[in-house]
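Before any comments, here is the structure.
The values are calculated or read from the model by the stated rules, or taken from the named source; none is laboratory data. Since we're looking at a predicted model, the values are computed, not measured. Note: ideal-geometry Cβ built from the backbone for every residue, glycine included; neighbour counts use all protein chains shown.
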Amino acid sequence: MPLINCIFAETRNMQRLNGVEVAKTIKEQLKEKVSELQKEGKRVPHLAAIIVGNDGASMTYVNSKENDCKQVGFNSTVMRFEESTSEETLLSTIEQINSNSEIDGLIVQLPLPKHISELKVTQKISPEKDVDGFHTVSLGKLLKGEDTFIPATPYGILMMLEQYNIETSGKHCVVVGRSNIVGRPMSVLMSQNTPYGNCTVTLCHSRTRNLEHYVQQADIVVAALGKPGFIKGSMLKKGAIVIDVGITRVEDSANPKGYVLKGDVDFDDASTVASAITPVPGGVGPLTRIGLLKNTFKSYQNTNN
Ligand code: GUN
């Protein structure tokens with residue numbers, strides 16, 4: 001085959017996994033379900049979010065989550081607290097929401113100020129309303145394969161695999177990053193005996209020796225290490241499926257916002273080797289928020305069926 005055709009064939013085969021499109025489809029489905037509830041005169045799902053302090057990225061995320069709720073017809077409540085708010089105040093607010101039967105899901109945006117224990121806060125949220133899936137009960141259930149709230153980012157990745165009909169069974173999935181929010185639950189989900197699981201999983205982290213050696217063996221790479229552009233094409237096996245969870249604000253004076261969002265994967269470089277990649281922005285991010293909406297709907301159904 002002439003070289004030009006080869007290049008064309010390779011470019012054409014690389015699939016851009018479009019989270020915006022998938023999110024749009026699933027949002028429409030949720031909107032439809034909410035409108036059925038409204039027609040029946042029923043209460044609609046309600047998500048509450050707590051944010052403490054003025055961290056720019058956290059405020060953006062919470063605003064987007066509120067906006068998502070509006071788009072699908074959920075009720076939403078955002079409670080904004082000063083940076084100096086005491087742990088006690090926060091814990092008692094959570095207790096009030098736990099006992100409010102009109103609220104189905106509660107999230108406390110992380111990170112929290114240093115004087116507030118993230119552990120105490122996540123454990124205070126009732127597991128029935130833990131739509132982030134961060135409570136020990138939720139994560140314990142996930143580990144055992146019991147029905148639970150899957151944390152939003154791993155949930156979003158599963159939706160992406162499902163929507164693009166990506167075969168996972170018997171594949172080697174390398175997860176890079178061991179956070180309780182993404183890497184660890186993702187490694188568990190990919191190993192489970194479920195339609196978008198059944199992988200052989202390797203979980204790599206900051207102390208992994210010769211990380212490249214493991215990434216190179218992966219049929220599916222989940223990059224969740226928080227280092228912009230870290231995964232290069234040379235680290236990948238030909239035809240690998242690359243899921244980029246990274247979303248770091250990198251200073252950029254040419255951009256009106258003063259920053260650009262960068263993933264953990266060098267997209268252009270990796271595109272020459274991978275068979276499919278999620279871009280940043282527009283890949284996993286929009287689906288993460290869908291995970292939260294779906295969990296809120298699930299919580300609603302758990303108590304209203
Ligand atoms: N901070 C970063 N990601 C998340 C998330 O998924 N949920 C919450 N509550 N805080 C976060």
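Residues in the range 91-107 that are within 20 Å of VAL121 (Cβ to Cβ) and either away from the ligand (no atom under 13 Å from the Cβ) or loosely packed, with under 15 Cβ neighbours inside 10 Å (or both): how many? Total satisfying the criteria: 11.
Within the range 190-212, residues that are in contact (Cβ under 8 Å) with a residue 24 or more places away in the chain and small (Gly, Ala, Ser) have Cβ atoms under 8 Å from residues that are in a loop (DSSP other than H, G, I, E, B) and surrounded by fewer than 18 Cβ atoms within 10 Å (Cβ to Cβ) in these pairs: GLY197/SER169, counting only partners at least 6 apart in sequence or on another chain.
Here's a check for you: in the range 190-226, which residue that is of a type in the set (D, E, K, R) and surrounded by fewer than 16 Cβ atoms within 10 Å (Cβ to Cβ) is farthest from LEU287 (Cα to Cα)? Lay out the reasoning, then the answer.
Going through the range 190-226, the residues of a type in the set (D, E, K, R) turn out to be 207, 209, 212, 219.
Now restrict to residues that are surrounded by fewer than 16 Cβ atoms within 10 Å (Cβ to Cβ): 207, 209, 212.
Values: ARG207: 29, ARG209: 32, GLU212: 28 Å.
Checking each candidate, the answer is ARG209.
Going residue by residue through the range 42-55, is there one that turns out to be modelled with pLDDT of 95 or more, surrounded by fewer than 16 Cβ atoms within 10 Å (Cβ to Cβ) and among the aliphatic types (A, V, I, L, M)? Looking through the range 42-55, none of the residues is modelled with pLDDT of 95 or more, surrounded by fewer than 16 Cβ atoms within 10 Å (Cβ to Cβ) and among the aliphatic types (A, V, I, L, M). Once the range 251-275 is narrowed to residues that are assigned to a helix (DSSP H, G or I) and touching a residue at least 24 places away in the same chain (Cβ under 8 Å), the residue that is farthest from SER234 (Cα to Cα) is SER271.
Condition check: away from the ligand (no atom under 16 Å from the Cβ) and either buried (at least 24 other Cβ atoms within 10 Å of the Cβ) or not in a loop (DSSP other than H, G, I, E, B) (or both). Does ASN302 satisfy that? Steps first, answer last, please.
On the way: away from the ligand (no atom under 16 Å from the Cβ): yes; either buried (at least 24 other Cβ atoms within 10 Å of the Cβ) or not in a loop (DSSP other than H, G, I, E, B) (or both): yes.
Yes.
Considering the range 63-86, the residues that are farther than 14 Å from ALA49 by Cα and in contact with a helix residue (DSSP H, G or I) (Cβ under 7 Å, 6 or more places away or on another chain) include one that is surrounded by the most Cβ atoms within 10 Å (Cβ to Cβ), namely VAL72.
Selection of first residues in the range 146-171 that are in contact (Cβ under 8 Å) with a residue 24 or more places away in the chain and closer than 14 Å to THR278 by Cβ and of second residues that are more than 16 Å from the ligand (Cβ to nearest atom) and assigned to a helix (DSSP H, G or I), restricted to Cβ pairs under 7 Å at least 6 apart or on distinct chains, gives the following pairs, ordered by first then second residue: MET159/VAL22; MET159/ILE26; MET160/VAL22; GLN163/VAL22.
Among the residues making up the range 80-139, those that are closer than 17 Å to PRO45 by Cα, out of contact with any Pro (no Cβ under 9 Å at 6 or more places or on another chain) and not aliphatic (A, V, I, L, M) are ASN98, SER99, ASN100, SER101, GLU102, SER126, PRO127, GLU128, LYS129, ASP130. Within the range 278-299, is there a residue that is modelled with pLDDT of 95 or more and on the phi > 0 side of the Ramachandran plot? Looking for residues that are modelled with pLDDT of 95 or more and on the phi > 0 side of the Ramachandran plot, one finds at least one in the range 278-299, hence yes. Scanning the range 117-136 for residues that are buried (at least 16 other Cβ atoms within 10 Å of the Cβ), of a type in the set (A, V, I, L, M) and away from the ligand (no atom under 13 Å from the Cβ) yields a count of 0.
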